[in-house]
Amino acid sequence: MTQGPGLSLTDIGAPHEQVSIGDKKLDVYGLSVENLIELLQRFPEVGKWLAPGAVNMNEMLIATPKIVQAMIAIATGKPGDIETEAVAARLSIEIQLDILETAIRLTFKDGFGPFVQRIA
């Protein structure tokens, strides 16, 4: 018995979920390898934070809002877009977390720890 062709990536597109913001829905995507590398290049301090005991809390508190804004722009399909990052900066913490949680779940389906183990 022959099997017909399956779906291709172009048939299904990038997986995403919708996040409710008020009475509207926002498409949120996971981050790609390219997105993660761009974030690490733009915010090199993040790479340092991954080493055990290397977190400088003051540095982290200063950098985190900009990193969150950049991640939200990427996750909503507008990587590097200054206007989108400015809107992300004005969102409430709760909405920012809703978007980030969805993006992280789509980026690391089994969690960050298992992802790192797979890479290693």
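Using just the alpha carbons, could you tell me how many Å³ per residue the convex hull of the chain encloses? Intermediate results must be reported in sequence, preceding the final value.
Numbers: hull volume 18.7 nm³, N = 120.
Value for the chain: 156 Å³ per residue.
Mind checking the full-extension length gain between Ala86 and Ala54? Use 0.36 nm per residue of separation minus the Cα-Cα distance, one decimal, nm. Could the numbers behind the result be given before it?
Details: separation 32, 0.36 × 32 = 11.52 nm, distance 2.92 nm.
Full extension of this stretch gives 8.6 nm more.
For Lys24, list the lysines whose Cα falls under 28 Å from its own Cα; do not include residues on the same chain fewer than 8 positions away.
Candidates past the 8-residue exclusion: Lys66, Lys78, Lys109.
Rounded to the nearest angstrom and ordered from largest down, what semi-axes does the equivalent ellipsoid of region 1-71 get from its C-alpha gyration tensor (root of 5λ)?
Details: eigenvalues 253, 76, 18 Å².
Rounded to whole Å, the semi-axes are 36, 20, 10.
Could you state the accessible area per residue of the chain in Å², with a 1.4 Å probe and every protein chain left in place? Numbers along the way, then the final one.
Values: 8710 Å² over 120 residues.
Using a 1.4 Å probe on heavy atoms only, each residue of the chain averages 73 Å².
I need to check one value: relative contact order of region 1-99, counting alpha carbon pairs closer than 8 Å and at least 6 residues apart, in percent.
Working: 72 pairs, mean separation 22.9, N = 99.
After rounding, I find 23 percent.
At 1.4 Å probe size, with the rest of the protein present, what percent of the exposed accessible area of the chain is carbon and sulfur atoms? Before the final figure, lay out each step's value.
On the way: 5250 of 8710 Å².
Answer for the chain is 60 percent, counting heavy atoms of protein chains only.
Ile119 to Glu34: extension gain in nm, 0.36 nm per residue of separation minus the Cα-Cα distance?
Gain in length upon complete extension: 29.1 nm.
Scanning the chain for helices, which whole DSSP H stretches are 24 Å or more long along the axis (Cα) and average 0.0 or more by Kyte-Doolittle? Please report the intermediate quantities before stating the final value.
Numbers: long enough: 57-75 (26 Å, 1.17).
Within the chain the helices that satisfy the rule are 57-75.
The values are calculated or read from the model by the stated rules, or taken from the named source; none is laboratory data. All of these numbers come straight from a predicted model, not from anything done at the bench. Ligands, DNA and RNA are stripped out before the accessible areas are found, and what is left, the full protein with its side chains, is counted by its heavy atoms. Shrake-Rupley method; radii C 1.70, N 1.55, O 1.52, S 1.80 Å.
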